[in-house]
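A.B. asks: Below you will find the structure I want to go over with you.
The values are calculated or read from the model by the stated rules, or taken from the named source; none is laboratory data. On a predicted model such as this, the values are computed, not experimentally measured, just so you know. Don't worry about glycine lacking a Cβ; one is built from the backbone with ideal geometry, like all the others, and counts go over all protein chains shown.
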């Protein structure tokens with residue numbers, strides 16, 4: 001076992017991890033920062049974000065509007081102090097990325113351009129064509145190279161947090177090229193490992209998005225918060241789940257069913273807007289939860305299309321014309337042509353909702369600290385309280401920078417003053433862990449890895465999908481318990497050390513199963529419908545008296561997770577009705593009238 | 001179209017194999033199956049010991065570059081249907097890098113080269129964020145936009161005969177990245193990158209074979225970038241001569 005030391009260890013080299021590393025390096029250049037990732041940082045899944053990154057810039061926009069959109073979009077489950085902090089800092093972080101070279105798309109006068117996005121009242125989504133995540137990630141990665149104090153550990157696969165006396169004192173991982181165990185001790189650890197949508201069969205996520213950090217923290221007693229809230233992105237390619245950005249609708253794309261009808265007008269998002277004249281918070285610019293739920297209803301009613309790759313609706317961009325598609329959505333055109341042989345200039349793109357984003361994650365406070373001393377979490381793996389029950393598109397890229405910087409600064413402050421728990425205890429734990437992983441590498445049971453992974457992914461779609469039925473949820477919970485048991489009887493074929501990706505996949509499957517159980521337990525415990533969590537059969541409405549609360553899933557080893565509750569921070573926006581389209585405008589007019597003549 | 005295709009994969013396990021040897025896998029053929037999906041099929045159904053890199057499946061993360069019938073390509077953006085008539089295809093790790101295992105190349109050298117060109121913006125006078133963005137017109141963005149599309153997949157290194165001969169050559173992607181920042185209207189760092197571009201390992205090593213641009217899955221055209229770098233390097237050389245003649249310091 002190799003032993004190394006640093007002042008700060010960051011697990012994950014995506015947007016949040018890189019931003020944290022840079023913030024820590026800027027806060028104190030004398031700190032030794034270890035940036036650990038199971039891939040080279042620019043492979044991280046931030047790379048696949050397409051549409052944009054929120055931040056108020058226009059004169060007729062305001063932080064209050066961004067706040068209101070986020071809180072109502074999240075069905076009032078957002079912590080409002082956190083949303084306040086977020087909207088106040090999003091724009092400056094986008095500007096910082098601009099100064100670092102991010103190639104934001106521009107207006108003719110050279111100012112940064114913004115586009116419309118779902119659930120946003122005013123255009124405030126910064127974009128770099130339709131590869132915003134890619135450009136943010138590469139800008140951050142390249143900028144990180146100028147800091148000599150950021151030491152990278154590329155392709156080091158983290159397996160465990162090292163904890164003693166209830167305090168986090170480092171991480172442990174497997175050097176992928178050699179199989180060697182590495183214990184990396186530090187007084188401050190930041191988890192920035194991204195989401196977990198790979199628990200689902202159809203998802204927009206890369207193969208690496210397996211909830212590693214969530215599971216590592218969870219196993220050490222740190223609760224996972226609001227895990228029942230999983231976002232289905234309304235427009236993935238059927239079959240593969242490859243993401244077709246919301247910006248396609250922000251630019252004016254429309255969704256039609258098998259009858260050529262713009263069905264969203266039947267789901268509280270109308271009235272229908274004219275082609276080529278999208279209206280904010282209306283029709284195709286509704287929030288993701290509602291747009292995905294509308295698909296489900298259309299499917300039940302038999303009004304979806306059957307495509308060779310499964311059920312779909314049409315995303316029609318043809319009226320945008322070739323020039324605009326090439327300027328604003330070049331990657332979408334490339335993806336559609338490559339993967340389904342459709343050129344959106346001439347044909348509609350068949351799409352369907354696919355699992356995309358985990359709103360929940362490792363519970364943190366508004367400064368990214370977890371309940372465990374020494375441990376921070378940031379980005380999709382964390383639940384800082386920003387997204388509530390449904391995230392608005394383009395808030396998560398901004399989250400990476402806003403809270404990545406906070407995490408880096410907080411960790412730097414702790415590293416300067418903090419102490420590591422007793423080293424002997426940490427290393428002892430690391431040796432025990434290593435023995436356990438060694439045993440897994442030699443697992444010679446009867447169960448095939450791929451079978452368990454597929455069964456998990458199917459069960460999650462069945463029970464914890466867009467609409468959750470009590471019987472199906474219970475069945476999924478039982479299946480996961482059974483899979484957990486079968487996981488103990490895995491058979492691995494590969495006992496080598498160098499790049500043993502079967503072994504690493506088996507460890508990932510363990511992470512996925514834990515996260516899936518937390519999601520399912522929280523979904524069962526939340527007996528209401530809110531945001532992305534819908535129980536049309538048994539609890540079809542929102543219940544603020546009972547569930548205006550965050551769920552907290554606690555790990556209980558072989559037993560089902562225990563679910564506790566935490567109050568939501570409400571400062572100035574009392575829970576109200578989520579209104580979109582014409583209904584929202586009518587309400588706004590009425591409010592304005594009342595204000596004018598009380 | 002036959003209903004299966006033979007995929008020959010160059011296997012290599014360090015410490016076990018002396019040299020890579022081909023192993024055959026028969027994979028069911030369907031029109032939209034990518035080479036990456038075929039590898040995932042092999043791993044799940046036929047042989048879990050096969051090792052390769054992948055993640056996004058949508059040609060943006062740059063992980064899954066391999067040699068496919070001798071050509072560097074992304075596994076996720078190459079489809080089996082292309083090889084259906086021949087009924088077979090051959091895969092090996094990217095050329096010009098040491099093989100770590102099976103289809104996994106050791107790309108550390110490439111990562112080092114990216115860093116050498118100082119790929120970050122330099123501002124002569126640092127503007128506070130509170131003063132807003134650096135203005136950049138769409139035309140100014142256009143000057144470097146194409147060169148900012150590189151996904152670091154390394155295919156151009158596998159294609160580059162000069163890098164194959166001597167891997168100290170900075171190579172297509174790193175030199176393109178240097179140009180990307182040099183052409184950015186917000187950047188004042190060209191002078192600092194010039195040393196790397198001018199060095200023995202820099203632009204002059206390129207003999208303009210152009211294969212790098214042919215294999216680029218993102219149409220970045222690194223060959224064009226490298227040769228524009230040569231022009232810049234020549235101008236820089238000329239300017240330095242002029243300055244020397246005037247008794248100024250070298251930049």
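A.B. asks: What residue, of A:401, A:383, A:419, is crowded, with 24+ Cβ neighbours inside 10 Å, in contact (Cβ under 8 Å) with a residue 60 or more places away in the chain, over 27 Å from residue A:567 (Cβ atoms) and not assigned by TED's automatic domain parsing to the domain that holds residue A:504?
C.D. replies: A:401
A.B. asks: Out of A:486, A:542, A:527, report the one residue that is part of a loop (DSSP other than H, G, I, E, B) and either over 25 Å from the mean Cα position of the chain (by Cα) or farther than 21 Å from residue A:361 by Cα (or both).
C.D. replies: A:542
A.B. asks: May I pose another question? Which condition number in (1) under 17 Å from the mean Cα position of the chain (by Cα); (2) buried (at least 20 other Cβ atoms within 10 Å of the Cβ); (3) not assigned by TED's automatic domain parsing to the domain that holds residue B:167 is the one that residue B:98 fails?
C.D. replies: (2)
A.B. asks: Continuing with this model, one more query. Please verify whether the range B:19-32 includes one or more residues that are within 14 Å of chain A (Cβ to nearest Cβ), assigned to a loop (DSSP other than H, G, I, E, B), under 26 Å from residue A:43 (Cβ atoms) and within 26 Å of the chain's Cα centre (by Cα).
C.D. replies: Yes, the conditions are met somewhere in the range B:19-32.
A.B. asks: Which residue is surrounded by the fewest Cβ atoms within 10 Å (Cβ to Cβ), if the candidates are limited to the range B:101-130 and must be at the interface with chain A (Cβ under 9 Å from one of its Cβ atoms) and not in a loop (DSSP other than H, G, I, E, B)?
C.D. replies: B:130
A.B. asks: Follow-up. Please work out which residue is nearest to the other protein chains (Cβ to nearest Cβ), limiting yourself to the range A:123-144 and to residues that are in contact with a strand residue (DSSP E or B) (Cβ under 9 Å, 6 or more places away or on another chain) and part of a loop (DSSP other than H, G, I, E, B).
C.D. replies: A:128
A.B. asks: Can you go through A:232, A:267 and tell me which one is surrounded by fewer than 24 Cβ atoms within 10 Å (Cβ to Cβ), under 26 Å from residue A:77 (Cβ atoms) and more than 14 Å from chain B (Cβ to nearest Cβ)?
C.D. replies: Answer to the selection: A:267.
A.B. asks: Pick from the range B:43-58 the residues that are within 7 Å of another protein chain (Cβ to nearest Cβ) and crowded, with 21+ Cβ neighbours inside 10 Å: which of them is farthest from residue A:333 (Cα to Cα)?
C.D. replies: B:48
A.B. asks: When residues of the range A:375-407 are filtered for being part of a loop (DSSP other than H, G, I, E, B) and farther than 17 Å from residue A:215 by Cα, how many remain?
C.D. replies: 10
Residue by residue, here is whether (1) more than 14 Å from chain B (Cβ to nearest Cβ); (2) at pLDDT 95 or above; (3) surrounded by fewer than 17 Cβ atoms within 10 Å (Cβ to Cβ); (4) not in a helix (DSSP H, G or I) holds:
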| residue | (1), (2), (3), (4) |
| --- | --- |
| A:439 | yes, yes, yes, no |
| A:454 | no, yes, yes, no |
| A:461 | yes, yes, no, no |
| A:474 | yes, yes, yes, no |
| A:479 | yes, yes, no, no |
| A:482 | yes, yes, yes, no |
| A:499 | no, yes, no, yes |
| A:506 | no, yes, no, no |
| A:513 | yes, yes, no, no |
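A.B. asks: Another one. What is the one condition in (1) surrounded by fewer than 24 Cβ atoms within 10 Å (Cβ to Cβ); (2) farther than 16 Å from residue A:221 by Cβ that residue A:373 does not satisfy?
C.D. replies: Residue A:373 satisfies all of (1) surrounded by fewer than 24 Cβ atoms within 10 Å (Cβ to Cβ); (2) farther than 16 Å from residue A:221 by Cβ except (2).
A.B. asks: Still on this model: Please verify whether the range B:191-202 includes one or more residues that are assigned to a loop (DSSP other than H, G, I, E, B) and under 19 Å from residue B:147 (Cα atoms).
C.D. replies: yes
A.B. asks: Filter the range A:305-318 down to residues that are touching a helix residue (DSSP H, G or I) at 6+ places or on another chain (Cβ under 8 Å) and not in a strand (DSSP E or B) and give me whichever is surrounded by the most Cβ atoms within 10 Å (Cβ to Cβ).
C.D. replies: Residue satisfying both the conditions and the ranking: A:317.
A.B. asks: Just wondering, is there one or more residues in the range A:49-60 that are away from chain B (no Cβ under 14 Å), part of a loop (DSSP other than H, G, I, E, B), without any contact (Cβ under 8 Å) to a residue 12 or more places away in the chain and under 18 Å from residue A:123 (Cβ atoms)?
C.D. replies: Among the residues of the range A:49-60, not one is away from chain B (no Cβ under 14 Å), part of a loop (DSSP other than H, G, I, E, B), without any contact (Cβ under 8 Å) to a residue 12 or more places away in the chain and under 18 Å from residue A:123 (Cβ atoms), which makes the answer no.
A.B. asks: Can you tell me which residue among A:88, A:107 is without any contact (Cβ under 8 Å) to a residue 60 or more places away in the chain, over 19 Å from the mean Cα position of the chain (by Cα) and more than 19 Å from residue B:144 (Cβ to Cβ)?
C.D. replies: Going through A:88, A:107 in turn, the sole match is A:88.
A.B. asks: Let me ask another. So which residues in the range B:1-41 are out of contact with any helix residue (DSSP H, G or I) (no Cβ under 7 Å at 6 or more places or on another chain) and closer than 14 Å to residue B:90 by Cα, if there are any at all?
C.D. replies: Those that are out of contact with any helix residue (DSSP H, G or I) (no Cβ under 7 Å at 6 or more places or on another chain) and closer than 14 Å to residue B:90 by Cα: B:6, B:8, B:9, B:10, B:11, B:20, B:21, B:22, B:23, B:24, B:26.
A.B. asks: Separate question: Would you check if residue A:343 is away from chain B (no Cβ under 14 Å), touching a helix residue (DSSP H, G or I) at 6+ places or on another chain (Cβ under 6 Å) and assigned to a loop (DSSP other than H, G, I, E, B)?
C.D. replies: yes
A.B. asks: If you take the residues of the range A:102-117 that are assigned to a strand (DSSP E or B) and more than 8 Å from chain B (Cβ to nearest Cβ), which of them is farthest from residue B:134 (Cα to Cα)?
C.D. replies: Within the range A:102-117, the match that is farthest from residue B:134 (Cα to Cα) is A:115.
A.B. asks: Those residues that are under 29 Å from the mean Cα position of the chain (by Cα) and within 7 Å of chain A (Cβ to nearest Cβ), I need them from the range B:135-164; list them, please.
C.D. replies: Of everything in the range B:135-164, those that are under 29 Å from the mean Cα position of the chain (by Cα) and within 7 Å of chain A (Cβ to nearest Cβ) turn out to be B:136, B:137, B:138, B:141, B:145, B:148, B:152.
A.B. asks: Could you identify the single residue in A:302, A:276, A:321 that is part of a loop (DSSP other than H, G, I, E, B) and at pLDDT 95 or above?
C.D. replies: Sole residue among the options that is part of a loop (DSSP other than H, G, I, E, B) and at pLDDT 95 or above: A:302.
A.B. asks: Output the number of residues of the range B:142-190 satisfying the condition of being within 21 Å of residue B:118 (Cβ to Cβ) and either assigned to a helix (DSSP H, G or I) or modelled with pLDDT under 95 (or both).
C.D. replies: Within the range B:142-190, residues that are within 21 Å of residue B:118 (Cβ to Cβ) and either assigned to a helix (DSSP H, G or I) or modelled with pLDDT under 95 (or both) number 22.
A.B. asks: Could you check how many residues of the range B:64-90 are in contact with a strand residue (DSSP E or B) (Cβ under 9 Å, 6 or more places away or on another chain), within 14 Å of chain A (Cβ to nearest Cβ) and either free of Cβ contacts under 8 Å to residues at least 12 places away in the same chain or not in a strand (DSSP E or B) (or both)?
C.D. replies: 7
A.B. asks: Let me ask something else about it. Which residues, taken from the range A:235-260, are part of a loop (DSSP other than H, G, I, E, B), in contact with a helix residue (DSSP H, G or I) (Cβ under 7 Å, 6 or more places away or on another chain) and away from every other protein chain (no Cβ under 14 Å)?
C.D. replies: The answer is A:251, A:252, A:253, A:257.
A.B. asks: Same structure, new question: Scanning for something closer than 17 Å to residue B:212 by Cβ, within 9 Å of chain A (Cβ to nearest Cβ) and in a loop (DSSP other than H, G, I, E, B), does the range B:91-100 turn up at least one residue?
C.D. replies: no
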